[in-house]
Amino acid sequence: MSTSFFDVARRPKWIGALLLSLAIAAGFAALGQWQLARSFESQVAPEQQTERVVDLDAVAQPQQPVLAVATGQLVRFEADFVAGDYVVLSDRINLSGPGYWVVGHGVVPGGASIAVALGWAADADAAASAIRTLQNDPPASQLQGRYLPSESPQETDFEAGQHSVLAVPELINIWPEAPDGVYGGYVIAEDAPAGLERIDAPAPSTEVSLNLLNVFYAVEWVIFAGFAIFLWYRLVKDAVEEESASEPTVE
């Protein structure tokens, strides 16, 4: 009578091997679950600390780069605006569509300068009209808004006086007087002055995305777990075949 797979598998030796294989497979499965969890956790944006309004100087200082923790942070600060330093930026998208930003040159009590995107206008004439109003009736000195890093300078039509990016280095060259220190980022004002619409400045994205490399590692651990069980099966199968081959042949 030939030896069956079940006859060999239920022997204490192979039962112990099966328990060991299951323990190894469970360990690999746990590692796969941990790796998969990391593929999500590593991409989760920090908790919405940005939506708690803090003093500007608590997250940024003049002449310093914009830190990641400060990007998108709601801030409050005090600044007086320089009457002749308003700038219009073209090709700025808002909820109403493409249009223009009016950007002011604010000076904080310590003397440092900060660029403030005050509001959006649908056309250049409306932006120019808003600036004329601001020359005589500047914005309130108590301000609140979202702090963002400077945009990268790009080629713009300087001869025509057109600008389309809010690049702090460009503004420094445009402002008639050199500032006594300048913040590396700019603020989008929470409230727009009369004649302008509020600029849409949503909170930084908190969407969760997959880290595909971690997902690949998680799949590998699952494969290893399956291989641990398969290895036990293959060893038992080999033992069955070996015993069957050694059994005498009945004539």
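For (1) more than 21 Å from Val54 (Cβ to Cβ); (2) surrounded by 14 or more Cβ atoms within 10 Å (Cβ to Cβ), each residue gets a yes or a no:
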position	(1), (2)
Val87	yes, yes
Asp91	yes, no
Pro98	yes, no
Gly181	no, yes
Original post:
Mind checking which pairs have a first residue in segment 64-84 that is under 16 Å from Leu118 (Cβ atoms) and a second that is among the charged types (D, E, K, R), Cβ under 7 Å, 6 or more apart or different chains?
Top reply: Val75/Asp55; Arg76/Asp55; Phe77/Asp55
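Against the definition (over 30 Å from the mean Cα position of the chain (by Cα), closer than 29 Å to Val54 by Cα and not β-branched (Val, Ile, Thr)), how does Pro153 come out, yes or no? Break it down stepwise before answering.
Numbers: over 30 Å from the mean Cα position of the chain (by Cα): no; closer than 29 Å to Val54 by Cα: yes; not β-branched (Val, Ile, Thr): yes.
So Pro153 does not fit the description; no.
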**OP:** Hey, can you tell me all the residues within segment 182-206 that are assigned to a loop (DSSP other than H, G, I, E, B) and in contact with a Pro (Cβ under 6 Å, 6 or more places away or on another chain)?
**Re:** Pro193
Subject >> Failed item in (1) under 12 Å from Val88 (Cα atoms); (2) out of contact with any strand residue (DSSP E or B) (no Cβ under 7 Å at 6 or more places or on another chain), with Trp101 passing the rest >> reply: (2)
Original post:
part of a strand (DSSP E or B), free of Cβ contacts under 8 Å to residues at least 24 places away in the same chain and either in contact with a Cys (Cβ under 9 Å, 6 or more places away or on another chain) or of a type in the set (A, V, I, L, M, F, W, C) (or both), is that true of Ile114?
Top reply: no
**OP:** Read through the list (1) assigned to a helix (DSSP H, G or I); (2) at pLDDT below 85; (3) not acidic (Asp, Glu), then give the number of the only condition that Ala45 fails.
**Re:** (1)
Original post:
What's the number of the condition Ala128 fails, among (1) part of a helix (DSSP H, G or I); (2) under 31 Å from the mean Cα position of the chain (by Cα)?
Top reply: (2)
Original post:
Considering only segment 58-85, how many residues are surrounded by 19 or more Cβ atoms within 10 Å (Cβ to Cβ), more than 16 Å from Ala201 (Cα to Cα) and not hydrophobic (A, V, I, L, M, F, W, C)?
Top reply: 1
Original post:
If you check every pair at least six apart or on different chains, which have Cβ atoms under 7 Å apart with a residue in segment 231-245 that is closer than 14 Å to Phe6 by Cβ and among the hydrophobic types (A, V, I, L, M, F, W, C) first and a residue that is surrounded by 13 or more Cβ atoms within 10 Å (Cβ to Cβ) and at pLDDT below 85 second?
Top reply: Val236/Phe5; Val236/Val8; Val236/Ala9; Ala239/Val8; Val240/Thr3; Val240/Phe5; Val240/Val8
**OP:** Filter segment 145-173 down to the residues that are under 19 Å from Asp91 (Cα atoms), among the aliphatic types (A, V, I, L, M) and modelled with pLDDT of 90 or more, then identify the one that is surrounded by the fewest Cβ atoms within 10 Å (Cβ to Cβ).
**Re:** Val165
Original post:
Mind checking which pairs have a first residue in segment 137-154 that is assigned by TED's automatic domain parsing to the domain that holds Val182 and a second that is surrounded by 17 or more Cβ atoms within 10 Å (Cβ to Cβ) and aromatic (Phe, Trp, Tyr), Cβ under 7 Å, 6 or more apart or different chains?
Top reply: Pro138/Phe81; Pro139/Phe81; Leu143/Phe77; Leu148/Tyr186; Ser150/Tyr186
Subject >> Meets criteria (part of a strand (DSSP E or B), loosely packed, with under 15 Cβ neighbours inside 10 Å and of a type outside the set (Val, Ile, Thr)) for Pro109 >> reply: no
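The values are calculated or read from the model by the stated rules, or taken from the named source; none is laboratory data. Please read all numbers here as calculations on a predicted model, not as lab measurements. Heads up, the Cβs are rebuilt from the backbone with ideal geometry, glycines too, and the neighbour counts pull from every protein chain shown.
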